[in-house]
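Structure first, then comments.
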Amino acid sequence: MIRRLVFLLCAMAAAPALAHVTPPVLLVSDRDAVTNLLAGSKRYFVREVRLTSAERQAVQKETGWAPDEDFYRFYLGRDNQQHDVGAVTFLTEYTIHGPVRVAVALSPDGKVKGAAVVEVSEETYPWVKRLIDHGFLASFAGRDAHAPRPQRGGSSMQGFYGDIIAGLVQRAALLYEAGILKRAHS
Amino acid sequence: MNGMHLSRFPLSAKVFCSLFLLGIGCGSLAAFAQAATSVGISASAVRASLAPDLPMAGMRHGEASAEREMDLGELSSAAKVWMRTPLLIQTSHTHLFGQTLISGLLGLIFLFVPLREALKAAIVALPFVGTLVDIGGMWATRFVSPSLSFLVITGGTLFALGYVLIAALSMHDLWLRKETT
C-alpha cells in the first residue's frame, strides 16, 4: 500500500516539473526605461497609432511579420522648444521559456537610439544577461528598420534570444516608420 | 480510509509525508513572495496587471492615431509583470497542472486522516476550488470585467487555507495522535 502510494506521488510530481515556465525577472520599470532612453526630454507625450490594413500589409510583405490590428503605443519625449527627442515603445515576444519584453527608443529620423530589456523569465535571464553584458543592445544604435541585424555570437540559446531581441527592435523601428514617420511625410 | 490512518504509517512513510508537506509549505511561501513582488497581492494590483490595455491617448474606435501630453507619474515606477493574453495562457497551463497536482498530492495524504466524511470532503476540496477560482479569476478579470480581480485573491486565499488545514491536521495525525487499540 505504502509503496503504491509513494510511486503515485512520484509520478504525479514529475509532470509539473517538466511543464514549468520559470517566474518573471523584472529588470527595469516602464517609467525608468522611458526616462533613461529619452534622456534630455522635458515634456512627455503618449501617442497611440493603429496601422491601416495597407500599412500592415506593407510591413508584412517586407519582413514577414504581421502587426496586430490593435493599437501600438509610443511615449514621445520633447525638449523645451517642443522638438522631438525621440520615442519609446514596448514590445513583447512570448517564447517557450516565457515572455521577453523590450523597450526600444527611436530618434525622430526613425533610427534606433537605444534599447533595454524590461522583462524576461528566470530561465532566460542568464542567456539574455550575457547578451546585455557583451553590449548587444548598444549595437542597435544608429540602425534603421531595414539594416541587417547585428552579430550576436555566443551559445545557441544566447543566439536564439539575440534573434528574438533583434526582431523586437526591428519591429519597433518598422512600427515607428509606418505609424509615425511615413504619415508625417504624406 | 478503510481503517488506514496516518498515525499507523511506518516511520519512513511518516517522514516522507511530513517532508512533502513542509516542502509544499515552503514552496507556497516562496510563491506568495513571488506574486507579491511581481504583481502585488491586492485586487487593484491584480487588476492593473491583468485588465485589458485601454488607450491612454483617448483614441476612439476607427481613429488611426491620437496624442496627448502625459505626466511620467502615469507610468508605473515599480517593475511589475504586465500579463497579456499569451502570458495568461502560459500561466494558466503551468499553474492549472502544477496546483492541481499539488492539491491531489495533499489530498492523497489527507484521505488517511480520520475525520467526519463531510468535513474531510470540504477540506480536501479547498485547494482544488481555490486553484480554479484563482486561474478562472485571471481570465474573468481580463475578458469579463476588471472588477472581478478579487476572485484571484479569493482563489489564492482558499488554496492557502486548504493547505494550512490539510498540513496541520495531517501533521497532528502523523506525530501527535495516540493510537488506541
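Tabulated data
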{"quantity": "Test: residue in the stretch A:104-113 that is of a type outside the set (Val, Ile, Thr) and either within 14 Å of chain B (Cβ to nearest Cβ) or touching a Cys at 6+ places or on another chain (Cβ under 9 Å) (or both)", "calculated": "no"}
{"quantity": "Within the stretch A:27-51, tally of residues that are assigned to a strand (DSSP E or B), of a type outside the set (Phe, Trp, Tyr) and open to solvent by less than 70 Å² (accessible area, probe 1.4 Å)", "calculated": "4"}
{"quantity": "Residues of the stretch B:43-83 that turn out to be assigned to a loop (DSSP other than H, G, I, E, B), of a type in the set (Gly, Ala, Ser) and more than 9 Å from chain A (Cβ to nearest Cβ), as a count", "calculated": "1"}
{"quantity": "Count - residues of the stretch B:84-112 that are in contact (Cβ under 8 Å) with a residue 40 or more places away in the chain, within 20 Å of B:PHE143 (Cα to Cα) and either touching a Pro at 6+ places or on another chain (Cβ under 8 Å) or at the interface with another protein chain (Cβ under 7 Å from one of its Cβ atoms) (or both)", "calculated": "0"}
{"quantity": "Residues located in the stretch A:91-123, provided they are closer than 16 Å to A:GLY142 by Cα, among the small types (Gly, Ala, Ser) and out of contact with any helix residue (DSSP H, G or I) (no Cβ under 7 Å at 6 or more places or on another chain)", "calculated": "A:SER107"}
{"quantity": "One residue from A:ALA66, A:ALA54 being open to solvent by 10 Å² or more (accessible area, probe 1.4 Å), assigned to a loop (DSSP other than H, G, I, E, B) and without any contact (Cβ under 8 Å) to a residue 24 or more places away in the chain", "calculated": "A:ALA66"}
{"quantity": "Criterion: crowded, with 17+ Cβ neighbours inside 10 Å and out of contact with any strand residue (DSSP E or B) (no Cβ under 6 Å at 6 or more places or on another chain) - qualifying residue of B:MET56, B:MET70, B:MET83", "calculated": "B:MET83"}
{"quantity": "In the stretch A:115-152, the residues that are acidic (Asp, Glu) and open to solvent by less than 20 Å² (accessible area, probe 1.4 Å)", "calculated": "A:GLU119"}
{"quantity": "Among (1) under 24 Å from B:SER44 (Cβ atoms); (2) open to solvent by 40 Å² or more (accessible area, probe 1.4 Å); (3) within 14 Å of chain A (Cβ to nearest Cβ), the one test that B:LEU132 misses", "calculated": "(3)"}
{"quantity": "Any hit, the stretch B:31-48, residues being in contact (Cβ under 8 Å) with a residue 24 or more places away in the chain, open to solvent by less than 40 Å² (accessible area, probe 1.4 Å), more than 13 Å from the chain's Cα centre (by Cα) and on the phi > 0 side of the Ramachandran plot", "calculated": "yes"}
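The values are calculated or read from the model by the stated rules, or taken from the named source; none is laboratory data. Keep in mind the model is a prediction, meaning the values are calculated, not measured. Using ideal geometry, Cβ is built from the backbone for each residue, glycine included, and neighbour counts are taken over all protein chains shown. For the accessible areas, the whole protein counts, side chains as well, though only heavy atoms, and no ligand, DNA or RNA atoms are used. Shrake-Rupley method; radii C 1.70, N 1.55, O 1.52, S 1.80 Å.
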